[in-house]
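The values are calculated or read from the model by the stated rules, or taken from the named source; none is laboratory data. As the structure is a computational prediction, the values presented were derived from the model and not from experiment. Note that each Cβ is placed from the backbone with ideal geometry, even for glycine, and that neighbours are counted across all protein chains shown.
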């Protein structure tokens with residue numbers, strides 16, 4: 001039996017902290033849980049903390065990209081935080097670019113990336129809402 005990855009809510013952001021290696025079943029459960037929580041909460045961002053991940057393979061890389069795609073379809077941005085240099089090197093060597101996934105070194109920086117992106121789309125400081133730009 002695989003371990004369930006908790007999905008925590010911090011304001012309008014969902015936090016996924018991956019603390020162990022994930023098998024196929026755990027990844028599928030995470031995708032389902034995260035999708036349901038995004039719809040339930042209306043969160044605008046997802047932070048995936050991989051600080052504890054020491055080794056990555058193509059499966060983990062594809063999983064991160066898939067979660068980001070699902071989140072994007074449900075109107076949320078994804079930021080991966082805590083990536084170790086060895087993990088980044090391995091992803092590059094595997095040819096995985098993680099398209100659509102922003103990265104940040106720390107959880108704090110990741111939350112700020114999401115706040116800034118959300119403010120830009122809402123017409124807050126540093127941005128103009130898409131509807132306002134069309135009217136200009």
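In the set (1) under 21 Å from residue 97 (Cβ atoms); (2) more than 14 Å from the chain's Cα centre (by Cα); (3) free of Cβ contacts under 8 Å to residues at least 12 places away in the same chain, residue 73 fails one condition alone, (2). With respect to the stated conditions, residue 13 is touching a helix residue (DSSP H, G or I) at 6+ places or on another chain (Cβ under 7 Å), within 30 Å of residue 120 (Cα to Cα) and modelled with pLDDT of 95 or more. Taking the conditions (1) in contact (Cβ under 8 Å) with a residue 40 or more places away in the chain; (2) in contact with a strand residue (DSSP E or B) (Cβ under 7 Å, 6 or more places away or on another chain) in turn, residue 63 satisfies each one other than (2).
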